[in-house]
1. Can you find a residue that is within 21 Å of the chain's Cα centre (by Cα), in a helix (DSSP H, G or I) and touching a residue at least 40 places away in the same chain (Cβ under 8 Å) anywhere in the stretch 142-151?
2. For the stretch 56-81, which positions are over 30 Å from Arg203 (Cα atoms) and surrounded by 10 or more Cβ atoms within 10 Å (Cβ to Cβ)?
3. Need the failing condition index for Ala115 against (1) among the hydrophobic types (A, V, I, L, M, F, W, C); (2) surrounded by 14 or more Cβ atoms within 10 Å (Cβ to Cβ); (3) free of Cβ contacts under 8 Å to residues at least 12 places away in the same chain; (4) closer than 30 Å to Ile178 by Cβ, just the number.
4. If Met202 satisfies every condition in (1) out of contact with any helix residue (DSSP H, G or I) (no Cβ under 7 Å at 6 or more places or on another chain); (2) surrounded by fewer than 19 Cβ atoms within 10 Å (Cβ to Cβ) but one, which is the exception?
5. Looking at Tyr210, Tyr192 in this structure, which one is closer than 30 Å to Lys56 by Cβ and open to solvent by 80 Å² or more (accessible area, probe 1.4 Å)?
6. Among the residues that make up the stretch 86-103, is at least one of them closer than 22 Å to Tyr183 by Cβ and buried (at least 18 other Cβ atoms within 10 Å of the Cβ)?
7. Just wondering, is there one or more residues in the stretch 152-170 that are assigned to a helix (DSSP H, G or I), under 28 Å from Val98 (Cβ atoms), open to solvent by 80 Å² or more (accessible area, probe 1.4 Å) and modelled with pLDDT of 95 or more?
8. Can we say Ala142 is open to solvent by 30 Å² or more (accessible area, probe 1.4 Å), aliphatic (A, V, I, L, M) and under 30 Å from Thr58 (Cβ atoms)?
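The values are calculated or read from the model by the stated rules, or taken from the named source; none is laboratory data. Worth saying up front: this structure is predicted, and the values here are computed from it rather than measured. Ideal geometry is used to build each Cβ from the backbone, glycine not excepted, and the neighbour counts take in all protein chains shown. With ligands, DNA and RNA removed, areas are computed over all heavy atoms of the protein, side chains included. Shrake-Rupley method; radii C 1.70, N 1.55, O 1.52, S 1.80 Å.
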Amino acid sequence: MIVFLRTLLEYLVIRCTLVAIALSFSFSAGTVRAAEPLSSWQDRDARQQIIEYVEKVTNSDSDQFIPVAERVAVFDNDGTLWCESPLPIQLAHIIDEVKKQAKENVGLKEDPAVAALLKGDIKGSLADGLDGLLRLAGIANAGMTCDEFKENVQQWVHSAEHPRFKCRYVETVYQPMIEVINYLHANDFKSYIVSGGGADFMRVWSDEIYNIPPE
C-alpha cells in the first residue's frame, strides 16, 4: 500500500510539473503573439511595409527619422475604419431619427424626401443630392441641444442593430485597422480622422472605439 501511494504521489508530482511547464510555455507564447504588431494581418507585403516604415521613422539613427512632435497619421472613416455598407452609418442614424420624428409630427410626411424615406426608397429620398441629405439631417436633429445630440448618438450606436451583420454599430469596426491605430499610438503617432461624415457625430464615440480623442 505504501509503495502504491508513493508511486501515485510521484506520478502526481510529475504530472503537475508537466502541466506547469505547459502552462508557462503557453503563457510565454501568448505573450509573444500579443506583442506582435498587426497580429490579425496576414504576413504579406502590406503588413511588412507598415512595420518597416514605422521602424524606420522611429529609429533616431535612420535618415527617415521623424521626431515625436511630427508623427501624425490621418485616416478616412467610412469604409476604412468601419463599414459603410449597405449605407454609411451616419446616414442610417439620420434615417432612424427621421422616422422617429415623422411618428411624432405627421406633417413631415408631406415632405417628398421624408415620404420616400418612409416607403423605403432611400434613393428617392436623396434625389436632391446633398441638399436632400442636409434637409433630412436637419429634420433628424431638429430641436436638439449639443448635449442632447451627443446623448442621442451615444445611445443609438450602442443599441441600433446593423441590418446585415446583426450587431451594434460600434461593433462594425475593422479589427486590422484598429491594430494599425494602436500600433502607431504605441510608437508616439497622433491620429486624426478626415471624413465626409459629421465631426460632431464621430466625436461621440471616436475615443471609445478608436482611441482617437474628440479634438
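1. yes
2. Lys56, Asn59, Ser62, Gln64, Phe65
3. With (1) among the hydrophobic types (A, V, I, L, M, F, W, C); (2) surrounded by 14 or more Cβ atoms within 10 Å (Cβ to Cβ); (3) free of Cβ contacts under 8 Å to residues at least 12 places away in the same chain; (4) closer than 30 Å to Ile178 by Cβ applied to Ala115, the lone miss is (4).
4. Against the list (1) out of contact with any helix residue (DSSP H, G or I) (no Cβ under 7 Å at 6 or more places or on another chain); (2) surrounded by fewer than 19 Cβ atoms within 10 Å (Cβ to Cβ), Met202 comes up short only on (2).
5. Tyr192
6. no
7. Scanning the stretch 152-170 turns up at least one residue that is assigned to a helix (DSSP H, G or I), under 28 Å from Val98 (Cβ atoms), open to solvent by 80 Å² or more (accessible area, probe 1.4 Å) and modelled with pLDDT of 95 or more.
8. no
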